[in-house]
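Here, each number is a calculation from the coordinates, and none is a lab measurement. As the structure is a computational prediction, the values presented were derived from the model and not from experiment. Cβ sites come from the backbone with ideal geometry, for glycine too, and all protein chains shown count toward neighbours.
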Amino acid sequence: MTILDKIVARKAIEVAEAKSTISIEDLAKEPLFSRKTVSLSTRLSTVGSSGIVAEHKRKSPSKGIINDQLTVEFVTNGYATAGAAGLSVLTDADFFGGTKEDLHKARVANPDTPILRKDFMIDTYQIYEAKAWGADVILLIAACLSPAQIEELSRKAHEIGLEVLLEIHDEEELQRSPLENVDIIGVNNRNLKNFAENNVNASLALADKIPARIVKISESCISQPETINQLKAVGYKGFLIGETFMKDENPGAKLAEFIAKI
Ligand SMILES: O=P(O)(O)OC[C@@H](O)[C@@H](O)c1c[nH]c2ccccc12
């Protein structure tokens, strides 16, 4: 069993519990559900955008605790002020130490910045949660979804006004994924099945395989400003970065320093 299998098995239990606590109808009545979302893909395509999607991440299965000392408002506001094009907020509790309150607080602290709900989506119920908690974009991870699930989840997201970031790790995942309702493709440099990593080779290898009409972002394992220029040269418009900033006591200041070098 891979770590991804474990996460998804746990997620199915969590979703069943959540469904018995609050119905989709009630989620749709939450104040943020009717908020007009902002487009991450548009921000990333805007001339002059830093392209950086900065992540709030307390811990991870591969790294353990990264930083659990800061408030989500301090981190996300710092990121937005430093020039992040968007924010990513982990809401998975057991493996990444996130909560739905993190997303809600990030939204309230940053009303106009696109926010990605970073979680393992396996059920349309979670799409409603994402909207109710203040997200603009959802993540779909091809490695744990069938083509039919990708189709259904992405269609539902668009139906309720959320954008879709489809995460892939290799060409096989790209080829089998229905892309009709996908706004952004993210190449995860880290393999979620075994956490082998530490370079951006996956992004470099897949760059020219991704249809040009879809905004491309490179995810994970980015620690050097030079890497951004290398990725931009092959067409990437976005860069999802967590650990490099989170391990600093002031992630926003770290991001500002990073942006000054790209
Ligand atoms: O901390 P890093 O190496 O900069 O990575 C950020 C982000 O890409 C990573 O957290 C991530 C990418 N895809 C995911 C899917 C689930 C959980 C986490 C992730």
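At a glance:
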read-out: Residue among VAL38, ILE127, PHE95 farthest towards the positive dipole end of the stretch 1-137, charges placed on Cβ; value: VAL38
read-out: Chain lengthening between ASP112 and GLU73 when straightened (0.36 nm per residue, less Cα-Cα); value: 12.6 nm
read-out: Calculated [θ] (222 nm, deg cm²/dmol) that DSSP helices of n ≥ 4 give over the chain, each run adding -39,500 (n - 2.57); value: -11500 deg cm²/dmol
read-out: Potential extension, GLU226-GLN175 segment - 0.36 nm per residue separation minus Cα distance; value: 15.4 nm
read-out: Charge tally in the Cβ shell below 13 Å around PRO61, where Lys, Arg are +1 and Asp, Glu are -1, PRO61 excluded; value: +3
read-out: Virtual spin-label span in nm between GLU101 and GLU249, 7 Å along Cα→Cβ; value: 2.5
read-out: Compactness of the stretch 34-163 as Cα Rg over 2.2 N^0.38 Å, two decimals; value: 1.02
read-out: Ranked packing of 78-90, 137-149, 25-37, most packed first, by mean Cβ within 10 Å; value: 78-90, 137-149, 25-37
read-out: For the chain, share of DSSP beta bridges that run antiparallel, in % to the nearest 5; value: 5
read-out: Three-way shape label, the chain, alpha-carbon gyration tensor, a/c 1.5; value: rounded
read-out: Net charge contributed by nearby residues that have their C-beta within less than 12 Å of LEU145 (K/R +1, D/E -1); value: -3
read-out: Separation between Cα centres of the stretch 188-203 and the stretch 163-186, rounded to whole Å; value: 16
read-out: SER23-VAL47 FRET efficiency (beta carbon distance; Förster radius 45 Å; 0.05 resolution); value: 0.55
read-out: FRET efficiency, 1/(1 + (r/R0)^6) with R0 22 Å, evaluated for ALA9 and ASN194 via beta carbons; value: 0.80
read-out: The stretch 1-64 versus the stretch 210-245: alpha-carbon centroid distance in Å; value: 20
read-out: Net lengthening on full extension, ALA148/LYS261 (0.36 nm per residue, minus Cα-Cα); value: 36.5 nm
